[in-house]
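Report on the structure given below.
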Amino acid sequence: MPLIRKRRSQADAEPSPAPTRRRRSPSASEASSVNDDIDGDGADGEDGTSSHEQMVKKLVRLAMASEYSRIPVKRTDIASKVMAPGTGRLFKRVFDDAQQQLRNVFGMELTELPQKEKVTVAQKRAAQRAGSQSGGSSSKSYVLISTLPQSYRTPAILTPSRIPTAVDEAAYTGLYTFIVGIISFSQGGMMAEGKLESALARVNADNYFLNGERTENILKRMERQGYIIKIRERDGGGEETVDYMVGPRGKAEIGERGVAAMARRVYAKKDAERDELERKLVRSLGEVVLEKNRGERVEEGEAENNEEEEQS
């Protein structure tokens with residue numbers, strides 16, 4: 001019995017080990033918050049800088065590749081193909097740095113496309129039901145536009161793409177510029193299908209073949225790429241009317257100034273003709289064509305002199 005008591009007293013004297021505490025694993029929301037802090041604006045380390053540069057390069061490559069197919073770059077594409085996970089807050093920084101590289105290296109920049117106008121009654125009603133206003137919200141789609149001065153926009157510098165061939169690309173560029181121009185000069189910026197067909201027939205482009213495509217298919221391609229918009233609407237008697245308008249890409253890539261520059265290059269060669277043409281351009285396209293008109297005249301003259309020297 002004493003032996004047993006002694007053992008019990010020794011056991012009572014020994015200190016009991018402290019209870020171990022389990023380390024709580026961070027929740028998914030906490031882990032995401034930590035990752036955001038690492039990838040966020042405060043990431044000034046080497047890994048953060050390298051990741052930022054890679055995203056800028058990806059955006060530049062995406063813009064260049066999309067331009068060959070004349071596909072607009074959507075913000076959702078940038079988020080899925082360029083931005084790394086958890087770096088949504090860095091979109092503006094990545095976009096601005098990519099813009100700087102595009103301007104400094106390639107002489108281009110990403111320009112946001114305008115929204116499609118709501119023209120028909122059905123489109124306006126659908127917009128009202130959706131609670132949107134025409135032109136009020138962002139399209140979140142971008143295309144590449146040249147930033148070179150007018151004096152550098154010559155065929156020797158801005159050569160046509162070799163995809164599919166330089167000849168076909170130059171012919172297609174000339175055709176869609178011409179079509180966007182005649183639609184822009186139409187009343188209200190809208191041209192009936194019959195009038196467009198008549199205008200194409202006057203320049204022998206109604207049955208035109210371009211790389212195996214007829215004019216009808218070429219117009220469909222222009223519509224897909226956003227240079228023009230085909231509008232179908234039925235009147236009160238049930239008769240269908242078809243009209244054409246300038247599309248978002250046509251407005252961003254060519255616009256009123258591009259149309260005016262084409263008209264000046266084709267029609268006005270003398271000072272008297274230029275003055276009369278300028279008045280007509282203002283009446284048709286608005287005063288926006290006069291904002292840089294004086295500088296453009298000087299640059300156009302220099303460009304023409306450069307071309308004449310190259311040809312000689």
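At a glance:
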| item | result |
| --- | --- |
| Neighbourhood net charge (11 Å Cβ-Cβ; Lys/Arg +1, Asp/Glu -1) for SER161 | -1 |
| Cut-off 14 Å between beta-carbons: net charge of the residues surrounding LEU59, Lys and Arg +1, Asp and Glu -1 | +3 |
| 19 Å Cα-Cα threshold exceeded, pairs from LYS58/LYS81; LYS118/LYS251; LYS74/LYS118; LYS92/LYS251; LYS140/LYS220 | LYS74/LYS118; LYS92/LYS251; LYS140/LYS220 |
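Throughout, read-outs are computed from the coordinates displayed, never taken from laboratory work. Treat the numbers as computed from the prediction; the structure is a model and nothing was measured. A quick note on method: Cβ atoms are made from the backbone with ideal geometry, for glycine too, and the neighbour counts reach across all protein chains shown.
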